C-alpha cells in the first residue's frame, strides 16, 4: 500500500493529518516556519491566550528532569488583542487550521477572550485551558470541579462560533467525571492530557529549582498515564478526543489513536527536535503502509 489516508475530520474540523503541535510548545509558529512549511501539519495550537498581557512567572521557570521537563511559564502571552491583530493573521497565511488555546481567571474572562477570537474569523477551533486558577472559587482550578467546569463550558459555548475543545487536566481523582462534565456543558471535543504537577529540588541549595516551586511535568515520562486516560475517557464520551502526552515518534502517536484518539498533539518533542512533527507524520504514514492500514479509522479505538 503506497498511499495511506491520514486525513481526519474531528468535530467539523478537517485536518490533512492527525499531528498538531501542542499549545505552549510552538509559540505562534513563526520560529518553526524557518524549518518547514507549516501546512505540512494537521493544525497548529497556539500559545495560551488571555484577556490581558501576562509576563508569566519569575525565572527559572523551566527545568529538565529524567524523562521530560518541568515548566511553570505562567501563561506568558501578549494578550488577546495583540494576538488577534498580529499573530493570527500571519499564521492564517500559512494555510493551516488554527486552534486557539484560551485561558482565564474568571468565567467572564474566558467568555470575552473567546468572543474576540471568534470575531476575528481566523480561528478554526478553540481549546479551553481549564488548568487555570478560578479566582472566584479561591484559586481552585476550573478543571477539577465537574459542576464549575460544566458551567464554564456552557457559558463559553454560547459565544463560540467554531468547534470547542476542552483541555483536561490529569490532576484529578477521576478524569472520566471531568470529561463527562465537559460533554454535558456542550464541548464539541476534548484534548488530553495537560501536564502532571511535579517538583524538583536542588539539594545543594536546599530549595526548589523552579521559582514557582512546582511546575507541569511533560515528556516521555507521562505517556503511559496519558494513554491510559485517553483510553478511559474514550469509553465514556460521545465526542472526539485529541490525545497528547510524551509523543516523540509515530509509534507513540499510533498508541493514542488505538486508545481512542482521533488526532494527537506533540509538545515537548518540539523543544528537542524542531522537525519532530513532520517526522512523526512520516512515521505514522510508514507504519500504516507496512501494516496495510488504509485509513486511521481502521485502528482508532481498536483496543477493547
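All of the numbers you see were taken from the coordinates with simple rules; none came from a lab. Everything numeric here is computed off the predicted structure, so don't read it as measured data. Glycine also receives a Cβ, built like all others from the backbone with ideal geometry; neighbour counts cover every protein chain displayed.
Over its Cα atoms, what ratio of radius of gyration to 2.2 N^0.38 Å does the range 173-246 give? Relative to the 2.2 N^0.38 Å estimate, the range 173-246 comes out at 1.38. Considering only beta bridges that DSSP places wholly inside the chain, some 40 percent are antiparallel. Counting every other Cβ atom within 10 Å of each residue's Cβ, 277, 25, 160, 66 order from fewest to most as 66, 25, 160, 277. Stokes-Einstein, applied to the Kirkwood radius of the range 186-304 over Cα pairs at a viscosity of 1.567 mPa s and 4 °C, places its translational diffusion at 84 µm² s⁻¹.
In units of the compact-protein estimate 2.2 N^0.38 Å, the range 84-236 shows a Cα radius of gyration of 1.13.
Here the average projected area of the convex hull drawn through the C-alpha atoms of the range 251-290 stands at 2.8 nm².
Given the peptides 55-63, 254-262, arrange them by the average over their residues of other C-beta atoms within 10 Å, most packed first. Provide the component values of the computation, followed by the final result.
On the way: 55-63: 13.8, 254-262: 24.0.
Put in order of decreasing packing, that is 254-262, 55-63.
Geometric descriptor of the range 61-165, per residue, is 133 Å³ (volume of the convex hull of the Cα atoms).
Computed over the alpha-carbon pairs of the range 166-206, the distance histogram in 10 Å steps reads 26, 39, 16, 13, 7 percent, short to long.
Would you mind getting me the FRET efficiency between residue 197 and residue 271? Use the beta-carbon distance for r and R0 = 25 Å, nearest 0.05.
Working: r = 19 Å, r/R0 = 0.78.
E between residue 197 and residue 271, to the nearest 0.05, is 0.80.
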